Amino acid sequence: MPQRDPGPSVKDQEMYEALREDGASKEKAARIANAAAASSRSEVGRRGGKATDYEDATKDELLQRARKIGIKGRSSMKKDELIKALREHG
């Protein structure tokens with residue numbers, strides 16, 4: 001498998017590659033790798049768990065989240081479709 005060079009903005013390339021191989025998007029892998037480089041890998045893992053379940057959010061909250069990350073067609077989606085699109089984004 002060829003190495004993917006994420007460029008100089010990624011601070012922990014080893015972690016970035018591992019996350020990409022596990023299926024994380026480029027954006028998510030870079031965000032996590034940079035957070036790990038800024039502190040420590042174990043600290044990044046402990047900070048997780050603050051997100052709420054999409055099922056507990058209102059449709060308006062899901063629409064705002066979808067708008068923020070640029071999901072197309074969000075205005076015509078039902079709540080369960082929004083949840084699926086948000087989860088698949090990454």
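The values are calculated or read from the model by the stated rules, or taken from the named source; none is laboratory data. Here the structure is a predicted model, which means the values were calculated and not measured. Heads up, the Cβs are rebuilt from the backbone with ideal geometry, glycines too, and the neighbour counts pull from every protein chain shown.
Below, the figures for the structure above:
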quantity: Residue ranges of helices (runs of 4 or more DSSP H) in the range 1-47 with at least 1 members over 17 Å from the mean Cα position of the chain (by Cα) and at pLDDT 75 or above; calculated: 13-21
quantity: Near pairs, Cβ below 7 angstrom, 6+ apart or cross-chain, from the range 73-90 (under 22 Å from Glu27 (Cβ atoms) and assigned by TED's automatic domain parsing to the domain that holds Glu61) to any residue that is acidic (Asp, Glu) and surrounded by fewer than 18 Cβ atoms within 10 Å (Cβ to Cβ); calculated: Ile83/Glu55
